[in-house]
Amino acid sequence: MPENLFGLPTHVLLQHVVVVLLPLAAIASTLVALWAWYRHHFGVATLVATFLITLAVPLTTQSGESLASRLPDSQAIAEHVAAGNRVLWVAALFGLCLFAVVALDLRRRAAEEEVALAPEEAWVVRHLPASWRAEAPGWTSPAMILARVLLVVAAVLVFLVVIQAGHTGAHAVWSDYPNLQP
């Protein structure tokens, strides 16, 4: 990955993808967890979009670590690097929770013949093993409830860690300007 794009450090550009789109994915995923209609119509699309957005997280942390290695040591930068690493882990947990909700819901609904699947859901089901169209195991309902709760918790955590990483990053950048007035 290049260290600079358009004359700016790559991290400065990539972090905007994470700061803007990851919280939007968290909002959409909360809708997936809490609203059946949204989950049935946009669950797969939300999962795909979230997967693509979360790919930017390791790229952003990697470019940030590269940038940090070129800067003088500072406590503010160290705090920001730690906060960025938390975003990485929370985003991974968040993506897994979303996958669990969408997969469990699709598994349950694919077995019900009278349920109409959205076009992208039908495409996914056609490409899965035939056993997915058989009756869903009894544990899927309790697992679905747990996955939905964990998804909402993970979505809240996404907001918290992204805000913390953004705040520590802004502090690291702007703390060297003592005469800057709020």
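Remarks
- Projecting the Cα atoms of Ala83, Ser175, Phe42 onto the charge dipole of region 23-182 (Cβ charges, centred on the Cα centre) puts Phe42 farthest toward the positive pole.
- Sparse-neighbour loop sites [chymotrypsin sites (Phe, Trp or Tyr not before Pro); region 79-182; at most 11 other C-beta within 10 Å; DSSP]: Trp139
- Helix-only mean residue ellipticity at 222 nm for the chain, each DSSP H run of n ≥ 4 adding -39500 (n - 2.57), per residue, nearest 500: -27500 deg cm²/dmol
- Spatial offset of region 32-81 relative to region 92-115 amounts to 22 Å, using the alpha carbon center of each.
- Charge tally in the Cβ shell below 15 Å around Val101, where Lys, Arg are +1 and Asp, Glu are -1, Val101 excluded: +3
Computed from the coordinates by the stated procedures, all read-outs in this text should not be read as laboratory data. Keep in mind that what you see is a predicted model, and the values were worked out from it rather than measured. So basically every Cβ, Gly included, is an ideal-geometry build from the backbone, and we count neighbours across all protein chains shown.
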